[in-house]
């Protein structure tokens, strides 16, 4: 296998997914992709709560997918993660890293010693002789990060890095576009959705939403009075013998949940726009399993009055011996944005 390799690991609500990339003279190659479903409740709102179930899924994933290494780049996404734009005095990167905890306590609602911190510089500011750094401060609860890291280690893997999931989405589907200066990227997961707005690859706004495709499934299950597995099949249109009145109940549930979700996205864009009038969002790019829900992209376009397109996390890369045919690649592409973006953070 040529060049350097990296494996991105996404521990989501509905399953664990990983992608292995290699980087050589010919560019970046997707070598492997795999996913294994998780039992309901094993991961709650982005945090591992049933370590044994997650460990079993990770072992199954590694055994069945043929990944060549055990070092992984792990993503974290949780509404308890604080992402805030702040300005700090200018300093060299090494000094910034060592003094970050002292610099940012006033910006956080919790003690810095209880957090894993990072600061993503977006621009340098000059006001007369004074220089400062503007960027996104990221503070993740240490206990939450460690819960996920310990599950990874218990599966015999090693956490090489921990990255914010919205930044992974930015790397994988936020590719430069000469016609679009600023765009919103939205990855719709089962319970957690990640929104990041960027201009030319520089993130300007991040929001983590505790909403996703599973909420639609739950609404169908409640309206129809059926188990979640049947509701999921109905949502995907995979059940042929459902009475017409039950299908109408399911459609009503879907309509309601999609409306709530789209309103949440529109509100987030409005909030961003009020604070960043000079960088208006020109389009929305969507990925994640929830993006496959029929009509969700069209409804979002209508509600936000912006073009909405499906993200492409695989196109532009070479394909190795993934073991996936064209149909399988098309099926997993919306699900691959996060693990691919995590791996890109290591090798790019």
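Here, each number is a calculation from the coordinates, and none is a lab measurement. Everything quoted here is computed from the prediction, not taken from an experiment. We place every Cβ from the backbone using ideal geometry, glycine too, and count neighbours over all the protein chains shown.
Structure data summary
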| quantity | calculated |
| --- | --- |
| Principal axis dimensions, the stretch 82-141 - Cα atoms, whole angstrom, descending | 36, 20, 17 |
| Inter-label distance for residue 92 and residue 222, nm, one decimal - labels placed 7 Å from Cα along Cα-to-Cβ | 5.6 nm |
| Linear extension gain, residue 150 paired with residue 246, 0.36 nm per residue minus alpha-carbon span | 30.2 nm |
| Acute angle (nearest 10 degrees) that the helix 213-224 long axis makes with the longest principal axis of the chain, alpha-carbon atoms | 30 degrees |
| Net lengthening on full extension, residue 130/residue 264 (0.36 nm per residue, minus Cα-Cα) | 44.4 nm |
| Residue 49/residue 229 FRET efficiency (R0 22 Å; Cβ-Cβ; nearest 0.05) | 0.60 |
| Zone of residue 111's modelled label, taken as backbone nitrogen in the stretch 137-152 under 19 Å from a point 7 Å along Cα→Cβ | 139-147 |
| Distribution of pairwise C-alpha distances over the chain, 10 Å bins, in % | 5, 24, 33, 26, 10, 2, 0, 0 |
| Mean Cα-pair separation over length for the chain, i.e. relative contact order, pairs under 8 Å, 6 or more apart, % | 22 percent |
| Theoretical gain in end-to-end length, residue 282 to residue 302 [0.36 nm per residue, Cα-Cα removed] | 5.8 nm |
| Relative contact order %, the stretch 23-74, counting alpha carbon pairs below 8 Å whose residues are six or more apart | 34 percent |
| Approximate spin-label separation residue 177-residue 80, in nm, with each point projected 7 Å along Cα-to-Cβ | 3.5 nm |
| Taking 279, 261 and counting other C-beta atoms within 10 Å, the order from fewest to most | 279, 261 |
| The chain: angle of helix 244-275 to the longest principal axis, Cα-based, in degrees nearest 10 | 10 degrees |
| Angle in degrees between helix 337-347 and the longest Cα principal axis of the chain, rounded to the nearest 10 | 30 degrees |
| Ranked list, fewest to most other Cβ atoms within 10 Å of each Cβ, for 313, 275 | 275, 313 |
| Residue order, fewest to most beta carbons within 10 Å, for 67, 167 | 67, 167 |
| Expected-Rg normalisation [2.2 N^0.38 Å, Cα atoms] applied to the stretch 229-348 | 1.31 |
| Packing-based ranking, highest mean first, of 171-179, 73-81 given that Cβ atoms within 10 Å are counted | 73-81, 171-179 |
| Relative counts (whole %) of C-alpha pair distances in the stretch 20-143, using bins that are 10 Å wide | 10, 28, 25, 26, 9, 2 |
